[in-house]
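Everything on this sheet refers to the single structure shown next.
The values are calculated or read from the model by the stated rules, or taken from the named source; none is laboratory data. Quick caveat: nothing in here was measured; it's all calculated off a predicted structure. Cβ sites come from the backbone with ideal geometry, for glycine too, and all protein chains shown count toward neighbours.
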Protein chains: 2
Amino acid sequence: MLNIKIKSNIKDYQVIFIKDLTKQIHDLITNYSTHFLVDINIWKKYEKELTQIKLAKSVKYFSAIEKNKTLVEVNEYIEFLLENNVQKKDKIIVIGGGLVQDIGSFTSHIIKRGIEWIFIPTTLLSMADSCIGSKSGINIGKYKNQVGSFHPPIEIYIYSGFLDTLLKNDFINGIGEITKHALIKGGKAYSNLEKELEKIYSNKNAAEKIIFDSLLIKKEIVEEDELEKGIRKLLNYGHTFGHALEGYTKNKIPHGLGVLIGMDLANYISMKRKLLTQQEFEKIHALLKKFISVKSIPINNVDLYIKFLSTDKKVVENKVDAILCKGIGKIKIIRIVFDKELNNNIQSYLKYFNHG
Amino acid sequence: MLNIKIKSNIKDYQVIFIKDLTKQIHDLITNYSTHFLVDINIWKKYEKELTQIKLAKSVKYFSAIEKNKTLVEVNEYIEFLLENNVQKKDKIIVIGGGLVQDIGSFTSHIIKRGIEWIFIPTTLLSMADSCIGSKSGINIGKYKNQVGSFHPPIEIYIYSGFLDTLLKNDFINGIGEITKHALIKGGKAYSNLEKELEKIYSNKNAAEKIIFDSLLIKKEIVEEDELEKGIRKLLNYGHTFGHALEGYTKNKIPHGLGVLIGMDLANYISMKRKLLTQQEFEKIHALLKKFISVKSIPINNVDLYIKFLSTDKKVVENKVDAILCKGIGKIKIIRIVFDKELNNNIQSYLKYFNHG
């Protein structure tokens, strides 16, 4: 059985790959006094495997949409737990993607000044990326992820069977981060992924190996910098440009696609600035392109796009510490200015991508 | 200038006694980008000394009543801070008693996954006790303090001038905890307090010395056991019996008075069980009695009082780890059963107190 141990400033924890979900639920119910927080859609699709959760002290079915990721919902869930007599030694078991993870992790952190929780991720993104690293983010009004904590689960169980019911767009969300990890690490991690990534849709063994390798890279980074004071910032690769694209398109471009295009744009800017060779840019572009599900990028007004860029929380005056690419395995933080040159770089990229 | 350094698992911090509040506010405003959270009543009474807070990035005036100590209020305050462009490096300056401290500490802990805060306590209780120890507690519906965190301020400024406008009951709240600390520590700490405590109402130097000594004892305990896994539990001395009395009287008995009577009752039970000599019981009783502002304790139904006892979160089945007294400086955790003997002990105490 694949297994990854993560060192944490808060408390060490581990990721365990499982084959039998029913048995795992049975064991959790038997070993602990439990409260389940479950994505309602996962419950509908996996009711048979999950049926024993009904024996827990409480079960909350959660509708995993962005507008529910609020402190108001956390407040309601905590009241529900207290009505169900939650105790300091109980465990909260979270089954869902990153959004349910955020609610579960943050709730566990603040209720009774912290109780332990266990995570069973159900999306590729949460399996291959967000399940480790301890962070949670909760929205406040129109402000996204402005509240949160560092509170890792004690155990994470990866069950690849959940991939069977995953939508294409949800695969893309995971593929963005998986590719990002491989590009940060470079070497074999990248060349293996280049060969194997397309198998993720249909081959369970390949998928588990890809998830495992992706977690190993993230583990290395978060162990070195759990509280995001240095190297962990590299994990924002593709995200500054991606978020701005999500904002510009009013979220018509989903997050994973934003990250893929964001990395491609970051690489293109790197090439234009002689940080990256054309050959290497094209090598990476060939892989990213396979998963970028649009033929053209809907930016008509580059000034407006740069305005969205400038709302990034890392922006100071008219500069941002962008994550650029000096080659596979050579991802670096480089300060760029919101100037004419940047505008030209982006114009040129759009021409290249949309007509190239 | 008196100064106490506190070691913390989270981040070391310090308590500094100041004489000039106006200058301190000026320095904070000058050195940091600040957001003030201020008890509205303190603002009304100390507007002159505090006037410079108007130069901060934001000021929130808070009505420090129990029904406002909720996650809903925290949510509103965070939205207010975000609208006022709060940044990760900004400081939240909290001016108020324990309740405002709870809101400020918890908000600082969760906003942007933690920003630094500074505390200026304005009640005797918060100066001499709650300002150190890192804990915060927030209410959820009818459930008290069920949400919270460990997030110490970076600096605490004690300005004894705030005692000038303190009500008698608010003094009693502090005196309960101050006496508790001295009884836990024993020796000179207790004999000094016995001599000096009554001066606290009128003599500023004596008051500062009493606060300083009280904090030194608490410092020793929370440094050894910040996360309340062992010895810190002694700080509940007087609280189990006191909370039940507050509950029984529907909070007509204020917290500080509850703690004073709770310690006296715990001592009486200790004496009845041959843990404490009658002589030492009476020595402590003589001090406590000076500050217990009622002539009789309004318990008519001891069974009902024991029911309130049994709702304490430390109760397991019909037993509780009570904090009893084997002598001054010898406070111990001792398991007691809710049985006929306890009922008799309490009956006997009421007779002693109410008619003795």
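Summary of computed values
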quantity: Cβ-Cβ under 9 Å pairs, at least 6 apart or on other chains, region A:302-329 side of a type in the set (Val, Ile, Thr), far side surrounded by 17 or more Cβ atoms within 10 Å (Cβ to Cβ) and part of a loop (DSSP other than H, G, I, E, B); calculated: A:Ile306/A:Phe338; A:Val315/A:Phe338; A:Val320/A:Asp312; A:Val320/A:Phe338; A:Ile323/A:Tyr237; A:Ile323/A:Gly238
quantity: Qualifying helices (runs of 4 or more DSSP H) (wholly inside region B:228-314; at least 2 residues being farther than 18 Å from B:Ile333 by Cβ and of a type in the set (Gly, Ala, Ser)); calculated: B:255-272
quantity: Flag if A:Leu216 is out of contact with any helix residue (DSSP H, G or I) (no Cβ under 6 Å at 6 or more places or on another chain), surrounded by 18 or more Cβ atoms within 10 Å (Cβ to Cβ) and modelled with pLDDT of 95 or more; calculated: no
quantity: Among (1) in contact (Cβ under 8 Å) with a residue 12 or more places away in the chain; (2) surrounded by 14 or more Cβ atoms within 10 Å (Cβ to Cβ); (3) closer than 25 Å to B:Asn173 by Cα, the one test that B:Leu342 misses; calculated: (3)
quantity: Selected residue (only one of A:Asn84, A:Asn75, A:Asn139, A:Asn145 is modelled with pLDDT under 95 and polar (S, T, N, Q)); calculated: A:Asn145
quantity: Residue ranges of strands (runs of 3 or more DSSP E) in region B:134-188 with at least 2 members closer than 20 Å to B:Lys252 by Cα; calculated: B:143-150
quantity: Pair list, Cβ < 6 Å and 6+ apart or interchain, from region A:51-80 residues that are without any contact (Cβ under 8 Å) to a residue 12 or more places away in the chain to residues that are assigned to a helix (DSSP H, G or I); calculated: A:Asn75/B:Leu71
quantity: Flag if B:Ile158 is within 26 Å of B:Val74 (Cα to Cα) and away from chain A (no Cβ under 14 Å); calculated: yes
quantity: Scan of region B:137-151 for residues that are more than 7 Å from every other protein chain (Cβ to nearest Cβ) and either among the polar types (S, T, N, Q) or under 17 Å from A:Asn85 (Cβ atoms) (or both), ordered by number; calculated: B:Asn139, B:Lys142, B:Lys144, B:Asn145
quantity: Among the candidates B:Pro298, B:Pro254, residue that is touching a Ser or Thr at 6+ places or on another chain (Cβ under 7 Å), within 18 Å of B:Asn169 (Cβ to Cβ) and surrounded by fewer than 22 Cβ atoms within 10 Å (Cβ to Cβ); calculated: B:Pro298
